[in-house]
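Chemist: Would you mind keeping the following structure in view while I ask a few things?
Any read-out appearing in this document is the output of simple, stated calculations on the displayed coordinates, not a laboratory observation. Remember, it's a predicted structure, so these values are computed and weren't measured experimentally. Here Cβ is always computed from backbone atoms with ideal geometry, including for glycine, and neighbour counts include all displayed protein chains.
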Amino acid sequence: MSRALRLEFRKMRRLRTLPVVLAMVVAVAALSSASLFASSTRATFDDPAAHPWAELLLHYTLVAAMTSPILAAVLASRQTDIEHAGGGWTLASTAGFAPGTLCRAKLAALGAVLLPAVGLQTVLVVGAGALAGIRVPIEAGPWIGYTLLLGLVDVALLAAHVWLAATVENQLVGVGVGLLGAFLALFALLVPGVAYWLPPWGGYALISHVAQTGGGEVGYVTPPHPWIGGVLALVGAAFALSTRRRARTER
């Protein structure tokens, strides 16, 4: 597995995966922070009752839900398309790497890049809020909890896209599913009740640590951790079983 991981990291350098991820991180942070410069928003920076940090977290949650499925699809597609285009599955098999092992290595390598990127993304959003002048003390718990769950849901979705990219040679299918997933994730946030029926994209709504009331007020909420854990476990088990089957066969 360690040899397969080193191979995937070399492929990532050639594919310039890190610049792609960093560009998306900056874009998400910028879009999430855009509302900070509105005069109506700046007027709430000194008002604890207005919950300016919760408002910023809500914007971050919306933008992350719209962009994360697309990023997962693009990363998985780029990392896997090289195997379809250059006979990589056959070459890897002759070197002792079965397709299932290669899929697990791809997920581990991409996850090692994606998880720190999510943390950096949150730091940039919080930093933008501080630089914009929010003077109300931040409640770190919801931000930390959301960041951890966002990273886990991103990796779960990445696992699904690695499997799809390995199974379907036409990578436009995976990218199309990513675009559809972005719509479903946003829809689940706007209509929270449907999130439970849209795994794994509904996970972006389930992990939200903020909610808006009918009166337009924003406040912190506790996400359904058991349900989230169940969805993550289901995706992980499905990926493990499917790649184990691939590990026993040659493509």
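Chemist: With contacts defined as alpha carbon pairs under 8 Å and 6 or more residues apart, what's the relative contact order of the chain in percent?
Modeler: Contact order relative to length: 28 percent.
Chemist: Given the C-alpha centroids of segment 93-151 and segment 157-171, what is the distance between them in whole angstrom?
Modeler: 20 Å
Chemist: Does segment 157-229 classify as rounded, prolate or oblate by the C-alpha gyration tensor (a ≥ b ≥ c root eigenvalues; a/c under 1.5 gives rounded; else a/b over b/c gives prolate, otherwise oblate)?
Modeler: prolate
Chemist: Sorting Ser39, Ser33 on the 10 Å Cβ count, fewest up front, what's the list?
Modeler: Ser39, Ser33
Chemist: Rg(Cα) of segment 1-146 divided by 2.2 N^0.38 Å?
Modeler: 1.34
Chemist: Further, regarding this structure: As a check on your grasp of the helix formula, calculate [θ] at 222 nm for the chain: sum -39500 (n - 2.57) over DSSP H runs of n ≥ 4, divide by the residue count, round to the nearest 500.
Modeler: That calculation yields -25000 deg cm²/dmol at 222 nm.
Chemist: While we're here: Using the 10 angstrom Cβ neighbour count as an exposure proxy, how do His225, His51, His209 rank, fewest first?
Modeler: His225, His51, His209
Chemist: Could I ask something else about it? When Rg and Dmax of the Cα atoms in Å is calculated directly from the model, which label among (1) 18.5, 56; (2) 17.6, 54; (3) 19.4, 64 fits?
Modeler: Recomputing Rg and Dmax of the Cα atoms in Å here gives the entry labelled (3).
Chemist: Select from the chain the helices, each a whole stretch of DSSP H, whose alpha-carbon atoms run 27 Å or more along the helix axis and whose Kyte-Doolittle mean is at least 0.5; answer none if there are none.
Modeler: Membrane-span-like by this rule: 52-85, 99-132, 140-167, 171-190, 225-247.
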